[in-house]
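Some notes on the structure that comes next.
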Amino acid sequence: MARFTQTFSSRNAPPRCDCGVNGKSAKKRRLPDLRGFVLPALAFAIWWAVSAVHGGKGGLLVTPEQVWHTTWQQITSGALAKALGASLAREASGFAIGTVLGLALGISLGLSRLASRMIGPSFDTFKQISLFAWIPLISVWFGLGDAAKVVFLSLAALLPVAAHTCDGIHAVPRSYVEAARVFRYTRWQLVWHVILPAALPSIFTGLYLALIYSWLATLGAEYLLVAGSGIGNTLIDGSENFRMDLVLFGIVVVGVIGSLLSGLARAAERAVLERRGGASLKENV
Amino acid sequence: MSDTVTLHLQTASSQIPTHRRTVTQRWRSLGWALAPWALPAALIALWWLGCERGWIAPQILPPPARVYATFVDLAQSGDLLHNTLISLQRVLCGFVAGTLGGLLLGAALGLSRTFEAYVLPSFNAIVQIPVLGWLPFLLLLVGVGEPLKYILIAHAALVPATLSTLQGFRNVPVTLIEASRVFGYTRWQRIVHVVLPCAVPTLATGVRLAFTKAWLALVVVELVASSEGLGYLIVYGRQLFQLDLVMAAVVIVGAIGFAINRALDALERRLRRGLPSAFR
Amino acid sequence: MSFLRLLRSVAIACACGLVATAALADKPATIRIGVAQQGNGDPPTFGGSSAATVQQQQLLEKEFAADGIKVEWLFFKGAGPAVNEALADKSIDFAFQGDLPSVLGRANGLKTRILLESGVRVGVKIGVPPDSDVHSIKDLKGKRVGLFRGTNLQTVADNALAKNGLDERELRVINLDTASALAALASKGIDASVNDYHLYKLRDQGLARIIYESQNDGPQFTRQAHLLVTEEFEHAHPDIVQRVVTSFVKGAQWSSDEANRQALFKSWARSGVSESSWNAEFPPGSLKSRNSPLVDPFIVARYKAVAQDALKLKLIRQPVQVDGWFETRYLDNALRTLKLEHEWTPYDAAGKPLG
């Protein structure tokens, strides 16, 4: 549907037929749209002007140079690498564990009616409890150290994966299953060749959300659980030492990592789904 | 759900004599009805047993009876109502503000290509930063008072609301737009009579997501810096080493989040039309 | 038959005895000490008490190096309450903790023994933004006050409020840990912060004004901190406990000597709190009374008072027995061994020096 909108909108000319006359592609070359840069450029200019006049004196209004200086210092001193390494390692382990468990749970909930009946409602309820409310309990039950953080992150990743896997399997059209029955697929073949591929877009949505939620949870865990090293800790330290430049630096890093992660997830999804020629059902976050 | 069960019963009915069929059916349906309670009951039993046998220190996992007693205590002393109302008030204000803002922003982005070209890239960049990433920034900027909570919750709600609205507006089938052009609808009529009704299901999902995010943000911000509210109760209990208070407060947070989520879910389902599928 | 039975009983008894002695003689691989403060600096450290001296001079590490026992110092940003969680979790063996959080832990069933004091007669300070219109405690009514709940700041603050006719409920108390409270005060996010010597740094930077120092109201308005051990560890390794206590007494002695004043503050300054702040916190001549490890009648009376206050403020749900909590024989042994019986002056219940 989105493709139609782009193709027929009044901004573009109708697509030319690619007759392969000169071997050139039919893709029209357009100037990159620079209008998106206007707003940030304006904001940056205002920031520069105001901070040049009022700021830079150790207060909250820091100049762009200060932020740049802090950024450079964090990168070169290796502090950024250390913090990011710790955060991403935690997130990766939490994400991996949560995804594996979530897939297992989601598949069993999706395929088995009994499991869905017994575990489904409890899982549904559990899913809707705000994740961060568990942090105080998790930190008391799992002690200090990284165990508590990884448990929390696994939980953050598990919920969307299980939920979307289960939903994806439930959404498989009956016609597919009936067609497979006609062809006398065994139960295993049914699952592996029909159901899972049909549920794949939904599973990928779940994985994508899991990645995002576990990144969010990483930050939250670093704020609320025992200190260690991590980018969340850098942010909180910045706010506790009233260093706005460090906070701004941290925000930019967090944003960049967030976009890299979601880009990664989208690319993976595209790679797998394009091979199958399916359309993806994305749920907007 | 009914397919296989019905099939099985039909097969069974031809083999089992009449009076036993009724009994078997009854047991089966009873088991089916009670099945969802099996897991929670087992967990609570395990919890109670663990405390009785002392497998876990009572400071770390208070017995269920104690948590219940604390819960009753909270309700009776009025603390529960007071803190719940404060939390609800915060989340509702922030949620409404954020969602309305998101709907407006998303509508503007969806309807005007120019606006979208200028604003969407910056918005996308801001979206990449999770809600929690803004917390230290806002802590420095506005301190630990009420504005911090409202701003954070509103931001948490605004992002999904905007994105969903945008998607809803964009996903209107082009055939409908063209048909409305054929019939000579004005731009305003097109928006009200064609675009909005098509976008409503996606909007409903967006509103539900916005609430989930808003509730999440509320809990975090109350855990970090608050003098009242449910998150504050959790922190208070933890500081005083009263885990039963913490657990009671967590249960309440969960229950409220669950209730409101369910309500929004029901609303969303009514606005969406589902497809029949193999496993439901 | 009976001979065989006798033989079997003897064999079992020997086996049990061997196992028991093996268990008793078994040394822990690590001694874990929890510190109810956030560790600052690199490597993390703290200051303001003889415990800090022990950690910085590595007295315990040196003591146990020959036995191959490692010493681990664990810092808790969540202070006393977080240490309680670690104690319940059995993640630490010893703890340097304040009076109130230990009372809270004991009220909730934690089995510990207080060995010696480390940082007594410590005051509590209330800081406000420099341009604030709050000049005394009475002006705090209705204001947003940052207070770290569950730490030994709380009881002193509540007593100070009561003395001025106020109740916590008449303020808007926000629970903030030390660092967050300082940040909030500097950015004027709160109207006042109940804090410790960290406020001096803000005052020197012109970001805060201190309107109240509780020790000026008398020794009843001070807080104490101590070293405690879990009962389990004490039963299993009394010899190790003795050696730890002796090292702490050595650290206390060094920290009580006015001649070491500059070196002491320089060492403590590694935690990020400047020497001038330490100088303000410890007026000349006060080192000995502040770093005394003695469990004298004043200490016992203060802990009893804190337990009563906690009950009155509904911080605990049943009364706490302070008798039987202090285990001073290790301290007495250490004082005797090091010949320091008369180094420090004991104080009576009212806080006046004895003899």
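Taken together, the values in this text are just the output of simple stated rules run on the coordinates, not laboratory data. Owing to the predicted nature of the structure, the values given are computational and were not obtained by experimental measurement. Note that each Cβ is placed from the backbone with ideal geometry, even for glycine, and that neighbours are counted across all protein chains shown.
Which one, B:Ala199, B:Ile129, B:Ala117, projects farthest toward the positive side of the charge dipole computed for the range B:117-213 from Cβ point charges (K/R +1, D/E -1)?
Working it through, the farthest residue towards the positive pole turns out to be B:Ala199.
Just for chain C, what percent of DSSP beta bridges are antiparallel, to the closest 5?
Taking every DSSP beta bridge with both residues in chain C, the antiparallel ones total about 55 percent.
Considering only the other residues whose Cβ falls under 14 Å of the Cβ of B:Ser226, what net charge follows from Lys and Arg at +1 and Asp and Glu at -1?
+2
C:Asp204 versus B:Trp37, label points 7 Å from Cα toward the beta carbon: distance in nm?
With each label placed 7 Å out from Cα toward Cβ, I get 6.6 nm.
Under 1.5 on a/c is rounded, so check that first for the range C:181-326, then, if it is not, pick prolate when a/b is larger than b/c and oblate when it is not; a ≥ b ≥ c are the square roots of the alpha carbon gyration tensor eigenvalues.
Oblate.
Amide H to amide H, which residues 5 or more places from C:Thr112 or on other chains are under 5 Å from it, using H placed in the peptide plane?
Excluding prolines and chain starts, which carry no amide H, the hits are C:Glu231.
Using only the Cα atoms of chain C, build the gyration tensor, take square roots of its eigenvalues as a ≥ b ≥ c, and label the shape rounded, prolate or oblate: rounded if a/c is under 1.5, else prolate if a/b is larger than b/c, else oblate.
prolate
Please report the Cα spread of the range A:144-285 along all three principal axes, rounded to whole Å, starting with the longest.
68, 31, 18
Taking the alpha-carbon centroid of each part, what is the distance from the range A:178-231 to the range A:59-127 in angstrom?
14
Roughly how many debye, to the nearest 20, is the charge dipole of the range B:64-271 about its Cα centre, given +1 on each Lys and Arg Cβ, -1 on each Asp and Glu Cβ, and no other charges?
Dipole magnitude for the range B:64-271 comes out near 700 debye.
Counting only residues 5 or more places away or on other chains, whose amide H sits under 5 Å from the amide H of C:Glu72 once H atoms are built in the peptide plane?
C:Ile31, C:Arg32, C:Ile33
Please state the shape class of the range C:132-220: rounded when a/c is under 1.5, otherwise prolate if a/b exceeds b/c and oblate if not, all from the C-alpha gyration tensor.
Verdict is rounded for the range C:132-220.
With +1 assigned to the C-beta of every Lys and Arg and -1 to the C-beta of every Asp and Glu, and no other charges, what is the dipole magnitude of the range A:65-276 about the Cα centre in debye, to the nearest 20?
Roughly 1080 debye, rounded to the nearest 20.
Just going by the charge dipole of the range C:125-221, with Lys and Arg at +1 and Asp and Glu at -1 on Cβ, which of C:Ser187, C:Val134, C:Tyr197 is farthest out on the positive end?
Going by the charge dipole, the pick is C:Ser187.
Across the residues of C:170-177, average count of Cβ atoms on other protein chains within 10 Å?
Average neighbour count from other chains, rounded to a whole number: 4.
What is the set of long-range amide H partners of C:Val122 at a cut-off below 5 Å, with H atoms built 1.01 Å from backbone N?
Correct list: C:Arg223.
When all C-alpha to C-alpha distances in the range B:64-271 are sorted into bins of 10 Å, what percent of pairs does each bin hold, rounded to whole numbers?
Result returned by the calculation: 9, 29, 28, 19, 10, 5, 1.
For the range C:113-228, give me the percentage of DSSP beta bridges that are antiparallel, rounded to the nearest 5 percent.
Of the beta bridges lying entirely in the range C:113-228, close to 65 percent run antiparallel.
Would you mind putting C:87-97, C:317-327 in packing order, based on average other-beta-carbon counts within 10 Å, highest first?
Packing proxy ranking, top to bottom: C:87-97, C:317-327.
Percent antiparallel among DSSP beta bridges with both residues in the protein assembly as shown, to the nearest 5?
So the antiparallel bridges amount to about 55 percent of the total.
Need one number: convex hull volume per residue for the protein assembly as shown, Cα atoms only, in Å³.
Cα convex hull per residue, to the nearest whole number: 267 Å³.
Residue by residue, what Karplus-based ³J(HN,Hα) values in Hz, rounded to whole numbers, does the range C:247-257 have, using 6.51, -1.76 and 1.60 with θ = phi - 60° and x for Gly and Pro?
Taking θ as phi minus 60°, the curve returns 4, 5, 5, 4, x, 5, 5, 4, 6, 8, 8 Hz for the range C:247-257.
Measuring from label point to label point, each 7 Å out along Cα→Cβ, what is the B:Arg28 to B:Leu88 span in nm?
Modelled inter-label distance: 4.4 nm.
Taking the mean number of other Cβ atoms within 10 Å as a proxy for protection, how do you rank C:126-139, B:225-238 from highest to lowest?
Per-residue Cβ counts within 10 Å, averaged per peptide and sorted highest first, yield B:225-238, C:126-139.
With the crude spin-label approximation of a point 7 Å out along Cα→Cβ, what separation in nm comes out for A:Ser112 versus C:Lys90?
Here the modelled spin labels are 3.4 nm apart.
Along the range A:242-251, what does the Karplus equation 6.51 cos²θ - 1.76 cosθ + 1.60 (θ = phi - 60°) give for ³J(HN,Hα), rounded to whole Hz, x for Gly and Pro?
Once θ is set to phi - 60°, the couplings for the range A:242-251 become 6, 10, 5, 5, 5, 5, 4, 4, x, 4 Hz.
Share of Cα-Cα pairs in the range A:193-235 beyond 13 Å, in percent?
For the range A:193-235, the share of Cα pairs beyond 13 Å comes to 61 percent.
What list of ³J(HN,Hα) values in whole Hz, one per residue of the range B:109-117 in order, does the Karplus curve 6.51 cos²θ - 1.76 cosθ + 1.60 (θ = phi - 60°) give from phi, with Gly and Pro shown as x?
With coefficients 6.51, -1.76 and 1.60, one gets 5, x, 8, 10, 5, 5, 4, 4, 4 Hz.
Take peptides B:24-37, C:152-165 and line them up by average Cβ neighbours within 10 Å, highest first, as a rough protection proxy.
C:152-165, B:24-37
Excluding A:Gly230 itself, what net charge comes from residues whose Cβ is under 14 Å from its Cβ, given Lys and Arg +1 and Asp and Glu -1?
Summing Lys/Arg as +1 and Asp/Glu as -1 gives 0.
Suppose every K and R has +1 on its Cβ and every D and E has -1 on its Cβ; what is the size of the dipole of chain C about the Cα centre, in Debye to the nearest 20?
So the dipole magnitude of chain C works out to roughly 400 debye.
Take the alpha-carbon centre of the range C:170-228, take the same for the range C:267-301, and report the distance between them in whole Å.
Between the Cα centre of the range C:170-228 and that of the range C:267-301, the gap is 17 Å.
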